[in-house]
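Right, one structure below, let's go through it.
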Amino acid sequence: MSTLVIVGTQWGDEGKGKIVDVLTKKADYVVRFQGGANAGHTLVINQKKYIFHLIPSGIFWPQTVCIIGNGVVVDPEVLIEEIEKLKNEGLNINPDKLMISERAHVIMPYHKALDLAREKKAKHHKLGTTCRGIGPCYEDKAARKGFRLIDLIYPNFFKEKLKSIIEEKNVILKYLGEKPIEFKEVYERYIKYGEYLKPYLTDVSQILWGAKKENKNILFEGAQGTFLDLDHGTYPYVTSSNTLAGNACCGTGLGPLDVDLVMGIIKAYTTRVGSGPFPTEIKNHIEEYLRTKGNEYGSTTGRPRRCGWLDLILVKTAIRLNSIKALALTKLDVLSGLEKVKICIGYEYKGKKIDYLPSSVLEINNLKPIYQELPGWKKDIKNIKNFEELPNETKLYIKTIEEYLGIPFYLISIGPERENCLILKNPFES
Ligand code: IMP
């Protein structure tokens, strides 16, 4: 087994970054395939906290090559800032350590301006986006009006296309009551970004093809989560890319039969940031308990995350959509101290029991979760080193999930630090 795709089974923020970081010890490549600076992973290393939006999670392991695939939308300003931050930490970030697809699309200032302006204008129907320009950039990609990173190194080509596009964007910005974008400033700034990033640009598909042939360990790091997927999520309250494992192929140029295993990450409870339906959202003091204890604030926007009980209907659906054959459970320590814990194992809709997520948000908004209640546990589990040492109630919680889903847990994360993790099976060792 050499290629592993990691995806979130909920609405993002499942703690994928931590699991990727733990597994990267054995990975030769860590690859991002979709999303952009809307994602944010927090890593805690030697008690120091790092937040990255574009750089793949494996950057701190010395042997790992980090790759940004063509499916990612790159904000050069954010990326350059992250590279500089890492260099200042003493890391040697060179083109052998970080590779970026020439085909990745570029977030332009008008994408961010449009994202913000639309959210502002929407008043009561806000999507709650991260306002990082993600949606408008993917729109331009599909409309064939986007810029790819490779375009930034051809000044004349870039200049002509940019002029006409800014003209069109300014008409829309004016209609939305916003300031126009100035061509000259954008042109000069982005040409400089192109010069800075040029050494890192490459044909990622070819790199991965070679790596796969040599049987190297390749880890694909999904951003966001299954139910933020543009097609299969809770549309329109979703992001603008396909977050599912299948997109690891389109978003990097690796063929579908070259993926060996998909691992799904489940947070021990559910969170959602931004608008949209959320059947198991908690409306009492326990929500605040989980938010505070789990530090459930968006790592990109700082917004408080909405918190709820674990929803196994979502996870079961994610298993189907992503071909998940291995699981990791995260933030289990956050549940410690609760008298009782609940797991959603079905919904009631119009008086009938159902075990699937309907397509329409109007229907999802009217679901009543059916819960299985389990005893909680008081003990702080953070520093436990073996599965057997976990309290019986914690083991019961894990076993209940595993039995319902019929898929084994490979890792159980019980605290924020790298070492707060029970590794039951390492996928790169099987
Ligand atoms: P966008 O991706 O910025 O367009 O935002 C669309 C929706 O996806 C909003 O509800 C965001 O809060 C959500 N979202 C985007 N990225 C993330 C993420 O990394 N974690 C959790 N939610 C996200």
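Observations on the model:
- Scanning the range 256-280 for residues that are open to solvent by 30 Å² or more (accessible area, probe 1.4 Å), out of contact with any Ser or Thr (no Cβ under 8 Å at 6 or more places or on another chain) and either under 25 Å from THR129 (Cβ atoms) or in a loop (DSSP other than H, G, I, E, B) (or both) yields a single hit, SER275.
- Residues of the range 23-49 that are modelled with pLDDT under 90, open to solvent by 30 Å² or more (accessible area, probe 1.4 Å) and in contact with a strand residue (DSSP E or B) (Cβ under 7 Å, 6 or more places away or on another chain): THR42, LYS49.
- Residue match in the range 283-293 (condition: surrounded by 19 or more Cβ atoms within 10 Å (Cβ to Cβ) and part of a loop (DSSP other than H, G, I, E, B)): no
- Matching residues, the range 236-255, being touching a helix residue (DSSP H, G or I) at 6+ places or on another chain (Cβ under 8 Å), part of a loop (DSSP other than H, G, I, E, B) and more than 11 Å from the ligand (Cβ to nearest atom): ASN242, LEU244, ALA245, GLY246, THR252, GLY253, LEU254, GLY255
- Scan of the range 408-430 for residues that are open to solvent by 20 Å² or more (accessible area, probe 1.4 Å) and part of a loop (DSSP other than H, G, I, E, B), ordered by number: PRO408, PRO416, GLU417, ARG418, GLU419, LEU424, LYS425, ASN426, SER430
- Test: ALA223 is under 25 Å from THR42 (Cα atoms), assigned to a loop (DSSP other than H, G, I, E, B), within 16 Å of the ligand (Cβ to nearest atom) and under 13 Å from the mean Cα position of the chain (by Cα): yes
- Every pair of residues 6+ apart whose Cβ atoms lie under 7 Å, when the first sits in the range 51-80 and is of a type in the set (S, T, N, Q) while the second is surrounded by 21 or more Cβ atoms within 10 Å (Cβ to Cβ) and part of a strand (DSSP E or B): SER57/VAL30; SER57/HIS41; SER57/GLU221; THR64/TYR29; THR64/VAL30; ASN70/SER101
- Just one of the numbered conditions (1) of a type outside the set (A, V, I, L, M); (2) more than 30 Å from LYS342 (Cβ to Cβ); (3) away from the ligand (no atom under 16 Å from the Cβ) is not true of LYS283: (2).
- Matching helices (runs of 4 or more DSSP H) fully within the range 75-186 where at least 1 residues are buried (at least 19 other Cβ atoms within 10 Å of the Cβ) and within 16 Å of the ligand (Cβ to nearest atom): 76-88, 109-122, 134-143
- Pairs, first touching a residue at least 60 places away in the same chain (Cβ under 8 Å) in the range 303-318, second among the charged types (D, E, K, R), C-beta under 6 Å, six or more apart: ARG305/GLU296; TRP309/LYS342
- Residue identified as under 30 Å from TRP309 (Cα atoms), more than 16 Å from the ligand (Cβ to nearest atom) and among the polar types (S, T, N, Q) among THR24, THR9: THR24
The values are calculated or read from the model by the stated rules, or taken from the named source; none is laboratory data. None of these values were measured; they are calculated from a predicted model. All Cβ positions, even for glycine, are placed from backbone atoms using ideal geometry, and neighbour counts span all protein chains on display. Accessible surface areas use protein heavy atoms only, side chains included; no ligands, DNA or RNA. Shrake-Rupley method; radii C 1.70, N 1.55, O 1.52, S 1.80 Å.
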